[in-house]
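J.: Take this structure, written in structure tokens, and hold onto it; I'll ask about it next.
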Amino acid sequence: MAQNSKRLLEMLSAQPVVPVVAVESAAEGVALARALAAGGLKAIEVTLRTPAALEAIMAIASEVPETLCGAGTVLTPRQFDRATKAGAQFIVSPGATMELLDAARSSEAPMLPGSATPSELMAMLEEGYEVLKFFPAEQIGGAAFLKSISPVFPSLRFCPTGGISMKNVRDYLALPNVICVGGSWVAPKAAVEAGDWDAITALAREAVALRS
């Protein structure tokens, strides 16, 4: 297994759910990271979908050292570079381009690239990646798809993201080729906007218990 995949496996296998969050300010990001970490979810993915994302990653890296903060929705080498300079410890992309893969080769931060078809999975194997994001999971075959490809790609491990909730998360976590799932349900928008950090900590604890 390539070094990139080994490092990701260590990072992501520590918890069953990696929160996928979008934040509106650095302060919000810090409070959210603290609430999730208090519930046992210390690795989080802050998506680059809001203007405050990079500032939030920087603040989390500085003020919440117990959190392993990654950057998600990274689409270009420039975003990759800006995210790592902000302090992102891992990078998540919904797909993979040669330019993005080139950026990852020269970075200390491991990348979790998205792959959704057999051809993409084969291409990622050729590049040395064995830990992949499967996105959007529910819309492109879900747990049944991942189960069906397991005998064909026995070395691959996945972090499925997209459409996963407490209703179906156990279907994914029961699969031997799934190391964790990405989910936004542990940080619902209403609770974040209300500053209900206790509720988010409780959801985090519930998510951690999925593997107990």
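The values are calculated or read from the model by the stated rules, or taken from the named source; none is laboratory data. As the structure is a computational prediction, the values presented were derived from the model and not from experiment. When we count neighbours, we look across all protein chains shown, and the Cβ atoms used for this are built from the backbone with ideal geometry, even at glycine.
J.: Take residue 55 and tell me if it is farther than 29 Å from residue 154 by Cβ, surrounded by fewer than 18 Cβ atoms within 10 Å (Cβ to Cβ) and either touching a Pro at 6+ places or on another chain (Cβ under 9 Å) or at pLDDT below 95 (or both). Reasoning before the result, please.
T.: Working: farther than 29 Å from residue 154 by Cβ: yes; surrounded by fewer than 18 Cβ atoms within 10 Å (Cβ to Cβ): yes; either touching a Pro at 6+ places or on another chain (Cβ under 9 Å) or at pLDDT below 95 (or both): no.
When the stated conditions are applied, residue 55 does not pass them.
J.: Would you say residue 142 is in contact with a helix residue (DSSP H, G or I) (Cβ under 7 Å, 6 or more places away or on another chain), surrounded by fewer than 20 Cβ atoms within 10 Å (Cβ to Cβ), without any contact (Cβ under 8 Å) to a residue 60 or more places away in the chain and small (Gly, Ala, Ser)?
T.: Against the criterion (in contact with a helix residue (DSSP H, G or I) (Cβ under 7 Å, 6 or more places away or on another chain), surrounded by fewer than 20 Cβ atoms within 10 Å (Cβ to Cβ), without any contact (Cβ under 8 Å) to a residue 60 or more places away in the chain and small (Gly, Ala, Ser)), residue 142 does not qualify.
J.: Right, here's the next one. Of all residues in segment 74-101 being closer than 22 Å to residue 28 by Cα, surrounded by fewer than 19 Cβ atoms within 10 Å (Cβ to Cβ) and in contact (Cβ under 8 Å) with a residue 24 or more places away in the chain, which is nearest to the chain's Cα centre (by Cα)?
T.: 87
J.: What is the one condition in (1) closer than 16 Å to residue 200 by Cα; (2) surrounded by fewer than 22 Cβ atoms within 10 Å (Cβ to Cβ); (3) of a type in the set (Asp, Glu) that residue 45 does not satisfy?
T.: (2)
J.: For a quick check of your reading of the model, give me the residue pairs whose first member lies in segment 169-198 and is over 21 Å from residue 38 (Cβ atoms) and touching a residue at least 12 places away in the same chain (Cβ under 8 Å), whose second is part of a loop (DSSP other than H, G, I, E, B) and β-branched (Val, Ile, Thr), with beta-carbon atoms closer than 8 Å and at least 6 apart or on different chains.
T.: From residues that are over 21 Å from residue 38 (Cβ atoms) and touching a residue at least 12 places away in the same chain (Cβ under 8 Å), the pairs are 172/164.
J.: Among the residues of segment 43-63, count how many are in a helix (DSSP H, G or I) and either within 19 Å of residue 95 (Cβ to Cβ) or of a type in the set (Asp, Glu) (or both).
T.: 3
J.: Look through 176, 160, 136 and report the one residue that is over 15 Å from the mean Cα position of the chain (by Cα) and either closer than 22 Å to residue 90 by Cβ or at pLDDT 95 or above (or both).
T.: 176
J.: On to the next question. When you check residue 64 against the structure, is it crowded, with 24+ Cβ neighbours inside 10 Å, touching a helix residue (DSSP H, G or I) at 6+ places or on another chain (Cβ under 9 Å) and aliphatic (A, V, I, L, M), yes or no?
T.: Values: crowded, with 24+ Cβ neighbours inside 10 Å: no; touching a helix residue (DSSP H, G or I) at 6+ places or on another chain (Cβ under 9 Å): yes; aliphatic (A, V, I, L, M): yes.
It is false that residue 64 is crowded, with 24+ Cβ neighbours inside 10 Å, touching a helix residue (DSSP H, G or I) at 6+ places or on another chain (Cβ under 9 Å) and aliphatic (A, V, I, L, M).
J.: Take residues that are among the acidic types (Asp, Glu) and tell me which of the helices (runs of 4 or more DSSP H) falling wholly in segment 64-149 contain 2 or more. Spell out how you get there, then give the answer.
T.: On the way: elements: 77-86, 98-105, 118-126, 142-149.
Fully inside segment 64-149 and qualifying: 98-105, 118-126.
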